[in-house]
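Below: one structure, written as structure tokens.
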Amino acid sequence: MHCNPAGFPELYNDQHEWYFNSSVAEQINAWFGKFQAVTREMAEVRYNFFLDEMIAIRNDWVVQELFKAHQQPHLIPLAELVQP
């Protein structure tokens, strides 16, 4: 019911272009799949903590790589991401 991104207008900008990059989401899901063997037997709390840490480490790495490539990554303010 909530899987179609077209049903979420907050994912579009004023020109009706996607803020959300579904190709990147698919790549991240494939990256998550690599942790399946490691996380299969974990309790929920440990699983959530582990993936949170892996995501933080990968995000730092990606930002560093973007800076090296002169891509000027930036953060979107949290207030813009949170629904009213």
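Just so it is clear, none of the values below were taken in a lab; they were calculated from the coordinates. On a predicted model such as this, the values are computed, not experimentally measured, just so you know. All Cβ positions, even for glycine, are placed from backbone atoms using ideal geometry, and neighbour counts span all protein chains on display.
Using 0.36 nm times the number of residues separating residue 59 and residue 74, minus their current alpha carbon distance, what extension gain do you get?
Additional length available on full extension: 4.2 nm.
When you filter the trypsin sites (Lys or Arg not before Pro) in the chain for DSSP loop state and at most 10 other Cβ atoms inside 10 Å of their Cβ, you are left with 34, 40. In a DSSP loop and with at most 16 other Cβ atoms within 10 Å, the chymotrypsin sites (Phe, Trp or Tyr not before Pro) in the chain are 19, 20, 35.
The reciprocal of the average 1/r between distinct C-alpha atoms defines the Kirkwood hydrodynamic radius, which for the chain equals 15.6 Å.
Evaluating 6.51 cos²θ - 1.76 cosθ + 1.60 at θ = phi - 60° for every residue in the range 67-76, the Karplus couplings come out as 4, 4, 8, 6, 8, 6, x, 9, 9, 8 Hz, glycine and proline recorded as x.
Backbone geometry of the range 38-49 corresponds, through the Karplus equation with coefficients 6.51, -1.76 and 1.60 at θ = phi - 60°, to 3J(HN,Hα) couplings of 6, 9, 3, 9, 6, 5, 4, 5, 5, 4, 4, 5 Hz, x marking Gly and Pro.
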